[in-house]
Amino acid sequence: MSYSVAIDGPSGAGKSTIASALAKELGILHLDTGAMYRAVGLKMLRLGIDFSDEDIISQILEKTDIDIKFEDGKQRVYLDGENIDSLIRLHEVSKAAASISGLKCVREKLAQAQRKLALKYDMVVDGRDIGTYVLPNADFKFFLTADEQVRARRRYEELKEKGQNIDYNIVLEDIKKRDKMDMTRAIAPLKKAQDAIVIDSSNMTPAQVVQTMISYIKERL
Ligand code: DC
């Protein structure tokens, strides 16, 4: 039997960094589910599809192949056979992913693929709806959060490092908008699972967050 650790939380809470470090400590894989929403966003962006046109998006999705591979333990995302890891963090793709993530057809397709992977491998899975919807029986559930200002600052630094010069206030507004979209969507909105442990990372280093999680997991293993 495989085991899974679900980490949910808002944009910029550090889920990806933490999930990746935690997976390494535990010697298991890390599945970043946001990357899959980004892959769908990128495809629709390239095709110039209206992000609210669920009929068309649903038809396109039927013929779309989103494949997650683990190469040397690292996740790689393939869209119709093309590796798209270098494209999915672009600001435009983030916006597209946020828009399409509200659609039922998108969520169902991706959740199904995520459950399949979690059955096959021991994994730390990060996202918005992992503990509540994708893997309600996950062995461990964490809800990782941080103040919106702290999250915006982290996202801003991350984008700057990647050479994207974008105003901090735009990043902050985007974070607020994305939080609202994530928390108010009809299907699988972002919310804490009843049995999730909440960790506020505003004043914690990534190492401290990982240690907190490890202590919790080891106590129960
Ligand atoms: O975590 P991220 O920023 O890479 O996620 C990209 C977008 O996908 C974000 O707008 C939220 C959405 N998402 C989601 O709705 N459900 C998930 N499990 C993961 C991401």
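Quick rundown of the values:
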quantity	calculated
As computed over the chain, the Cα convex hull volume per residue (Å³)	120 Å³
Computed magnitude of the charge dipole of the chain (debye, nearest 20; Cβ of K, R +1, Cβ of D, E -1)	220 debye
Packing-based exposure ordering (other Cβ within 10 Å, fewest first) of H30, H91	H91, H30
Selection of trypsin sites (Lys or Arg not before Pro), segment 115-216, meeting DSSP coil and at most 15 other Cβ within 10 Å	K162
Candidate lysines - alpha carbon under 17 Å from K218, same-chain residues fewer than 8 apart omitted	K24, K141
Relative contact order of segment 61-215, pairs being alpha-carbon contacts under 8 Å that are 6 or more residues apart, as %	22 percent
Cα centroid separation, segment 113-148 to segment 1-31 (Å)	8 Å
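Each value in this text was obtained by applying a stated rule to the coordinates, not by laboratory testing. Quick caveat, the model's predicted, so the values are computed rather than measured. All Cβ positions, glycine included, derive from the backbone under ideal geometry; neighbour counts span all protein chains shown.
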